[in-house]
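Everything on this sheet refers to the single structure shown next.
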Amino acid sequence: MKKTLLLFAFIIGIASMNAQTKEELHAQKAEKQAIANAAQAEANALQAQIDALPGWRKGAFGTIGGSISNFNNWYSQGAPNNSSGNIGFTFNGYANLIEDKFFWRNSLNTNLNWVKLDNKDNPDDDDSFKPTTDVFNISSLYGRNLTKTLAISSLMEYRTTLLNNFNDPGYLDLGVGATWTPIENLIVVIHPLNYNFVFADNDAIFQSSLGAKIVADYTRQIGAINFKTNFSTFQSYESGDLSNFTWTNSFGYTLWKMIGVGFDFGLRSNKQEALKYALGQFDPVAVPAQTEPTFDNVDNKLQTYYTVGLSYKF
């Protein structure tokens with residue numbers, strides 16, 4: 001009986017010792033975590049001071065997405081023997097020179113995507129990767145500060161496609177006006193004097209014109225999250241048919257080291273591009289007869305795209 005009691009007491013003592021040790025470890029961990037948090041807060045404060053100094057600020061992040069599939073004798077689908085693939089990537093980069101009296105902000109945004117479908121039972125099909133999403137935009141903004149939040153500025157922005165119909169169309173905006181920075185990381189450009197040069201093979205549809213340029217850009221990193229939103233619009237003084245806007249958004253969340261997940265989407269409205277596409281689909285000898293598309297009757301649908309995949313923070 002005594003031996004049993006002693007054994008029971010020994011087991012309780014061991015359990016108490018383990019519990020105490022666990023509580024002590026938790027306390028030590030909390031103490032070390034508090035020290036680490038304080039050190040990180042000091043590091044963040046120092047980084048904020050560094051970022052506020054004059055000089056260059058550079059950064060980039062992007063998204064990569066892709067998939068590959070192969071089917072053999074999968075009779076429930078139209079092409080039971082096929083292989084397919086999809087690959088796409090986006091890149092967002094910037095290089096900004098910030099000085100006390102002036103700034104020079106440069107940015108690049110591109111989104112490219114390819115897809116393929118190889119029907120193994122059709123030797124004549126095209127099994128190459130075909131471009132689908134095709135976005136390229138580069139801009140350069142220079143300004144002389146009047147106040148801490150207002151500057152006179154000039155902007156160059158060029159956008160086109162790279163994989164298909166390079167520079168057909170291509171848009172080059174050159175203008176002057178004002179730039180407003182109400183809060184950190186937000187840039188609002190308002191240029192009432194802007195010329196929109198349009199490069200295209202079909203001059204009857206695509207026309208250059210004078211108008212107003214408005215751009216709003218917000219780029220920021222919060223911990224493991226990177227995001228950028230950019231809205232750019234040109235409003236023609238000549239005709240609303242020559243106006244357009246593009247809104248792009250990129251998000252990246254770092255999961256491990258420099259790798260994470262990313263999501264990109266964009267919206268665009270451009271009546272000139274809608275008319276070019278409609279004329280390409282128009283058949284003058286169709287029965288019943290089709291109505292030839294014009295600026296007055298074309299259906300200018302909202303253009304959209306999105307990409308989801310792995311992201312890499314450069």
I'm checking my understanding of the structure. Among residues of the stretch 64-99 that are within 29 Å of PHE136 (Cβ to Cβ), among the aliphatic types (A, V, I, L, M) and surrounded by 15 or more Cβ atoms within 10 Å (Cβ to Cβ), which one is modelled with the lowest pLDDT? ILE64
ASN202 fails exactly one of (1) farther than 22 Å from GLY170 by Cα; (2) touching a residue at least 40 places away in the same chain (Cβ under 8 Å); (3) surrounded by fewer than 16 Cβ atoms within 10 Å (Cβ to Cβ), namely (1)
So is ASP241 surrounded by fewer than 18 Cβ atoms within 10 Å (Cβ to Cβ) and either in the same structural domain as THR179 (by TED's automatic domain parsing) or over 26 Å from the mean Cα position of the chain (by Cα) (or both) or not? no
Residue in the stretch 102-143 that is farthest from the chain's Cα centre (by Cα), counting only those that are closer than 25 Å to GLY175 by Cα and among the hydroxyl-bearing types (Ser, Thr, Tyr): TYR142
So, of the residues in the stretch 144-157 that are under 27 Å from the mean Cα position of the chain (by Cα) and without any contact (Cβ under 8 Å) to a residue 60 or more places away in the chain, which turns out to be surrounded by the most Cβ atoms within 10 Å (Cβ to Cβ)? SER153
Can you tell me which of GLY266, GLY252, GLY260 is crowded, with 19+ Cβ neighbours inside 10 Å, under 24 Å from THR179 (Cα atoms), at pLDDT 85 or above and under 19 Å from the mean Cα position of the chain (by Cα)? GLY266
Restricting the search to the stretch 208-238, which residues are free of Cβ contacts under 8 Å to residues at least 24 places away in the same chain, over 16 Å from the mean Cα position of the chain (by Cα) and within 22 Å of ASN300 (Cα to Cα)? SER208, THR233
Taking the conditions exactly as written (of a type in the set (Gly, Ala, Ser) and in contact with a Phe, Trp or Tyr (Cβ under 7 Å, 6 or more places away or on another chain)), does GLY240 satisfy them or not? no
Does THR160 satisfy being out of contact with any Phe, Trp or Tyr (no Cβ under 6 Å at 6 or more places or on another chain), surrounded by 14 or more Cβ atoms within 10 Å (Cβ to Cβ) and not charged (D, E, K, R)? no
Would you mind finding the one in LYS22, LYS29 that is at pLDDT below 80, basic (Lys, Arg), in a helix (DSSP H, G or I) and exposed (fewer than 14 other Cβ atoms within 10 Å of the Cβ)? LYS22
Among the candidates THR219, THR307, single out the residue that is closer than 30 Å to ASN37 by Cβ, hydroxyl-bearing (Ser, Thr, Tyr) and either outside any strand (DSSP E or B) or assigned by TED's automatic domain parsing to the domain that holds LEU155 (or both). THR219
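The values are calculated or read from the model by the stated rules, or taken from the named source; none is laboratory data. Computed from a prediction, not measured in an experiment: that's the story for all the values here. Because the Cβ atoms are built from the backbone with ideal geometry, glycine has one as well, and the counts that use them run over all protein chains shown.
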